[in-house]
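Asks: First, the structure itself, so that you have it in front of you.
The values are calculated or read from the model by the stated rules, or taken from the named source; none is laboratory data. Values in this document were obtained by computation on a predicted structure and should not be read as measured data. Positions of Cβ are generated from backbone atoms using ideal geometry, with glycine treated the same way; all protein chains shown enter the neighbour counts. Each accessible area value is taken on the protein alone, full model and side chains, heavy atoms only, with ligands, DNA and RNA left out. Shrake-Rupley method; radii C 1.70, N 1.55, O 1.52, S 1.80 Å.
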Amino acid sequence: IGSQIDDSTIDLLSSEEHLLPFDVKGVLQLAITEGIVEKAGPLYQFTHDLIQQTIYESIPNNERKLLHKVIGTVLLRSAANNSTIHLLAVDQINLYCQDADLGSQERSHIARINATAAKFAISASNFEQARSYVNAGMRLLNNNRWKEEYSLSLQLYEMSASISCFNGDIDGMSSCLHEVISKAKSFGDSLTSSGLLAMALAAQSKYQEAISNCLSILSSLGEEFPREINLGTVLNELAVIQNTLANISVGQVKLLPAMADKTKLNAMKFLSMVCSYSIQSKPMLVPILSCRMVRLTMENGFCDDSIVGLVTAGFSLFSFTDNVELGYQIGKVGEFFIEESPNRHALRSRLSFELDGTLKAVVEPAQSVVALFHDRYDSAMLAGDVGGAMHSLLSYCLGKLHTGSELVSLSKFFVACIKQSTKYQQNFVRYLAMSGYCACVFLTEGSSNEIDLKTYEELNQIGIREKHLHLLYQNFFNEMWGYFWVGDYVKVLELSKKYKPTGQKRSLEVTRTIIEGIASLNLARKTHHASLRKNGEDALQKMLKWEKISKWNFQHCTTLLQAELHYLDGDIDSANATYKATIASARAHKYAHYEALAYELYGNFCVENGMVEEGEFQHSMALDKYKQWGAMRKVKELKPFLKTLYSPNPTSTQCAHVIK
């Protein structure tokens, strides 16, 4: 059996007549006396591996193999649904099988018990062990497997593809799936493999192809969708469903029966999948899909994919309407059922972007939400969702980037994310992580020698070629974000004009509003362009709405825009007070990078209005904060500027001229 055995296993073996012609525990007691075996509680083990190996090899090979078979057979009869005993039994029988001449019935039987062992291993998230059982089972199938052992072959090949997916072996996964789909006797038999094939396509960033495949399957299941969708269609669909969503509560959902119709259950499964892929590549399809999922749930009953429908419907309200509060409310209903579900780990992983990265990140303190992504990564790995784990790691990195975490340490997380997503062939995550890492490298002026980092231009080419709208947006945003923090407001607005809003809100759109607003008001003071002032005023109005949703996340943004607008209007007293309020708010709500920015802009204001000593203090605070953040490019640009600005005995006029 190995180097160890416990009392319960000995009892199972001893209960079988004629298997062991001696009292096992009595003999083991003698072995303990002789120093061959030692006992700790219920566990017996050899005192050294070499002793076990020597005794094992002293048994003639044929007897040894037969003993493995007998032990395995006895344990298997006693296993019932005990996974530990079943796995031990199968391990014994597999040792017997090595180089053995087996008959067809025996081969089939052993292949089946390996398939069951693989299921037990998968449920325990032990995918390496599961792979060994699946491989053993597949080796035992005969050449005419798809005719003589169709069901078993289907089961083993589907499990093999699933394990390949869990381990990031996309090529191996695709190979298994194509064979299953080509051999499947019916549409129903091919559904599991068709779903896994869509996952394989998505892992390779082939989102359009994955979406097309899923929509084709949904059509066969009776769920039709238009191929082309515009913003008007989306808004109409959401307007119709809002009344239903407004009346949905935890109590109401609990009253729904379990969904029993197999066709509808399969439809919900594929709707969930295509929702995930559409977020990345075809976002206007998401509201149509999620609304259909809500309707199917209300009409046919509740299932785990109903939770996906609810959360994604809330995400759609956030993305395309002003009803952020209702979107968050529906998301929280979904979150309740996630935590109630036996499949909570898979659901946490599946809905991390929609629920945590969007709805909760906007409404709840963002720093606390970002911390959740560590748990989401663990949940994804436990559920065997490698793609979800990589997305959670990416979300952690991007969340830390935009909440002002120290950039040098954060760069290491981006590198880890890029390396892991490369290992697991999650190309889309790898490219998004590279985009975020480019922003880090730009601000820190750090080295990217650890990886082959692509430029924004190279990433844009990939986004255009593979129609990755999310990647294209991230590239635009991260590049604009970098220029904003080094104070190149002209470049910020040039980039902004190139990438017009699409009508879909992303959580980053809020940050875009503050970036463009500050840049516009700053340049409006220098150019006196009315359009720039209008842009700043519009940004302030938008941020006032967001502040009502979350004072923690957005108050410092609102007050900074107000300060800049007061300054533009020449209201010096109000501007002075509001800059100070911004610094206090950013500090209280733990946005260190915005605290640095507020110090810098307040310092500019002070110098330009004759308060040179106060300006010097504010600028020195800004410099310290930027250093703490790790934004060394900003520090290098700010240092000589401040040295010139505060040369010996400068006049207010000279200082103002330097700032301009």
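Asks: Restricting attention to the stretch 172-204, and to residues there that are more than 25 Å from G388 (Cα to Cα) and either basic (K, R) or in contact with a Cys (Cβ under 8 Å, 6 or more places away or on another chain) (or both), which single residue is most open to solvent (accessible area, probe 1.4 Å)?
Replies: Within the stretch 172-204, the match that is most open to solvent (accessible area, probe 1.4 Å) is K185.
Asks: Report, by residue number, each residue of the stretch 98-109 that is without any contact (Cβ under 8 Å) to a residue 24 or more places away in the chain and surrounded by 14 or more Cβ atoms within 10 Å (Cβ to Cβ).
Replies: E106, H109
Asks: Here is a further query. Could we say that Y44 is of a type in the set (S, T, Y), within 44 Å of the chain's Cα centre (by Cα) and within 22 Å of L87 (Cβ to Cβ) here?
Replies: It is true that Y44 is of a type in the set (S, T, Y), within 44 Å of the chain's Cα centre (by Cα) and within 22 Å of L87 (Cβ to Cβ).
Asks: Could you tell me which residue of the stretch 262-290 is nearest to S319 (Cα to Cα), considering only residues that are among the aliphatic types (A, V, I, L, M) and open to solvent by less than 10 Å² (accessible area, probe 1.4 Å)?
Replies: Restricting to residues being among the aliphatic types (A, V, I, L, M) and open to solvent by less than 10 Å² (accessible area, probe 1.4 Å), the top hit is V286.
Asks: For the stretch 613-648, name all the residues that are assigned to a helix (DSSP H, G or I) and polar (S, T, N, Q).
Replies: Within the stretch 613-648, Q618, S620, Q628, T644 meet the criteria.
Asks: Quick check on the stretch 97-119. Is at least one of its residues of a type in the set (G, A, S) and more than 21 Å from K69 (Cβ to Cβ)?
Replies: Within the stretch 97-119 (the criterion being of a type in the set (G, A, S) and more than 21 Å from K69 (Cβ to Cβ)), the answer is no, since none of the residues qualifies.
Asks: Here is a list: L95, L156. Which entry is modelled with pLDDT of 85 or more, assigned to a helix (DSSP H, G or I), over 23 Å from R344 (Cα atoms) and open to solvent by less than 10 Å² (accessible area, probe 1.4 Å)?
Replies: Going through L95, L156 in turn, just one is modelled with pLDDT of 85 or more, assigned to a helix (DSSP H, G or I), over 23 Å from R344 (Cα atoms) and open to solvent by less than 10 Å² (accessible area, probe 1.4 Å): L156.
Each row is one residue, and each column tells you yes or no for (1) open to solvent by 10 Å² or more (accessible area, probe 1.4 Å); (2) of a type in the set (V, I, T); (3) closer than 15 Å to N243 by Cβ.
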residue	(1), (2), (3)
M298	yes, no, yes
D304	yes, no, no
I307	no, yes, no
V311	no, yes, no
F318	no, no, no
G327	no, no, yes
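Asks: If E637 satisfies every condition in (1) touching a helix residue (DSSP H, G or I) at 6+ places or on another chain (Cβ under 7 Å); (2) more than 24 Å from L508 (Cβ to Cβ) but one, which is the exception?
Replies: Unmet condition: (1).
Asks: Hey, among Y437, Y456, Y483, Y473, which residue is open to solvent by 50 Å² or more (accessible area, probe 1.4 Å) and among the aromatic types (F, W, Y)?
Replies: Selected residue: Y483, the only one of Y437, Y456, Y483, Y473 that is open to solvent by 50 Å² or more (accessible area, probe 1.4 Å) and among the aromatic types (F, W, Y).
Asks: Something else now. How many of the residues in the stretch 442-477 are within 19 Å of Q204 (Cα to Cα) and not in a helix (DSSP H, G or I)?
Replies: 5
Asks: To continue, here is another question. Could you please let me know if H374 is over 30 Å from A588 (Cα atoms) and either open to solvent by 10 Å² or more (accessible area, probe 1.4 Å) or among the aliphatic types (A, V, I, L, M) (or both)?
Replies: Here the answer is no, as H374 does not meet what is asked.
For (1) of a type in the set (F, W, Y); (2) in contact (Cβ under 8 Å) with a residue 60 or more places away in the chain; (3) farther than 24 Å from A184 by Cβ, each residue gets a yes or a no:
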site	(1), (2), (3)
H68	no, no, yes
L75	no, yes, yes
A111	no, no, no
S132	no, no, yes
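Asks: Taking the stretch 218-227 on its own, how many of its residues are within 28 Å of the chain's Cα centre (by Cα) and farther than 12 Å from L271 by Cα?
Replies: 1
Asks: Got at least one residue in the stretch 241-253 being within 30 Å of E209 (Cβ to Cβ) and either at pLDDT 95 or above or loosely packed, with under 11 Cβ neighbours inside 10 Å (or both)?
Replies: Among the residues of the stretch 241-253, not one is within 30 Å of E209 (Cβ to Cβ) and either at pLDDT 95 or above or loosely packed, with under 11 Cβ neighbours inside 10 Å (or both), which makes the answer no.
Asks: Further question on the same structure: When T33 is evaluated against the numbered criteria (1) open to solvent by less than 60 Å² (accessible area, probe 1.4 Å); (2) of a type in the set (S, T, Y); (3) modelled with pLDDT of 90 or more, which criterion, by number, is the only one it fails?
Replies: (1)
Asks: Moving to a separate point now. Which members of the stretch 39-64 meet the condition of being outside any loop (DSSP other than H, G, I, E, B) and open to solvent by 80 Å² or more (accessible area, probe 1.4 Å)?
Replies: If the condition is that a residue be outside any loop (DSSP other than H, G, I, E, B) and open to solvent by 80 Å² or more (accessible area, probe 1.4 Å), then K39, D49, L50, Q53, T54, E57, S58, N61, N62, E63 are the ones that fit.
Asks: For the stretch 119-130, indicate whether the set of residues that are open to solvent by 50 Å² or more (accessible area, probe 1.4 Å), touching a residue at least 12 places away in the same chain (Cβ under 8 Å), closer than 24 Å to F166 by Cβ and not in a helix (DSSP H, G or I) is non-empty.
Replies: The answer is yes, given that some residue of the stretch 119-130 is open to solvent by 50 Å² or more (accessible area, probe 1.4 Å), touching a residue at least 12 places away in the same chain (Cβ under 8 Å), closer than 24 Å to F166 by Cβ and not in a helix (DSSP H, G or I).
Asks: Could I ask something else about it? Could you check, for the stretch 136-149, whether at least one of its residues is within 32 Å of the chain's Cα centre (by Cα), in contact (Cβ under 8 Å) with a residue 40 or more places away in the chain and either within 30 Å of Y377 (Cβ to Cβ) or crowded, with 23+ Cβ neighbours inside 10 Å (or both)?
Replies: No, that holds for no residue.
Asks: In the stretch 205-235, what residues are assigned to a loop (DSSP other than H, G, I, E, B), within 22 Å of G388 (Cα to Cα) and open to solvent by 50 Å² or more (accessible area, probe 1.4 Å)?
Replies: Once the filter is applied, which keeps residues that are assigned to a loop (DSSP other than H, G, I, E, B), within 22 Å of G388 (Cα to Cα) and open to solvent by 50 Å² or more (accessible area, probe 1.4 Å), the stretch 205-235 yields only K206.
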